[in-house]
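None of the figures in this text is laboratory data; all of them are computed from the coordinates on show. Here the structure is a predicted model, which means the values were calculated and not measured. Here the Cβ positions follow ideal geometry from the backbone for every residue, glycine too, while neighbour counts run over all protein chains shown.
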Amino acid sequence: MAETSATTFTDPDFRSVIGPAGADLDRVDSTALHRLGTVARDHRGGEYVYLEGAASMVQFDWCVYGDEGFVTAVKRATKALIDNLLPLCIACSAAVAAEYGWFQIKGPAYGSFLVSMAKEADVYSSGTTGSLDDTSSSQTLIEGVVALETEGGTGTDELMCHINHPRAAALA
């Protein structure tokens, strides 16, 4: 059976967390259960950072985090925030403001893309908050993301990708 975003966090074999103890990747916490910035790892090479959520966030949203070297609350990714060269991550749950959860920063993942995304194409910011795309027109190139699926159509969808500490390419 092919992996899908629907089975990403419900299949214990897909995300078997090595540590820290108690890390439940798709759980939303009403109080912080780990120190903000704690990194968890899984057996497939995935890395996750524990952070405070963002308003209106949904699972698989692309987000930005961090500010001048210290961890702050997450914000759903927009072109303007990406252009500030903040690191990107993918929401593992729908942790909203004043809630806490895990955000993926490395490894095989599902993220929100505009469904016109092409497999292995360059990845860019998009005009849709929380989603990325392969259209470069007036958008910012994202390094550290490889789309592993192709899907046509319109709107957004969660597509398989591989990420390695994604962030905007340096702006000219």
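From the list S93, S112, S138, pick out the single residue that is at negative phi and not in a strand (DSSP E or B). Walk me through it before giving the result.
Details: S112 fails: not in a strand (DSSP E or B); S138 fails: at negative phi.
Matching residue, one of S93, S112, S138: S93.
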| request: Filter segment 136-167 for residues that are touching a residue at least 60 places away in the same chain (Cβ under 8 Å) and in contact with a Pro (Cβ under 9 Å, 6 or more places away or on another chain) and give the result. | output: I142, M160, I163, H165, P166, R167
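Looking at G127, G153, G101, which one is of a type in the set (G, A, S) and closer than 22 Å to R41 by Cβ? Break it down into steps so the answer makes sense when it comes.
Values: G127 fails: closer than 22 Å to R41 by Cβ; G153 fails: closer than 22 Å to R41 by Cβ.
The match here is G101.
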| task | Filter segment 73-106 down to the residues that are surrounded by fewer than 18 Cβ atoms within 10 Å (Cβ to Cβ) and of a type in the set (G, A, S), then identify the one that is nearest to Q59 (Cα to Cα). | result | A94
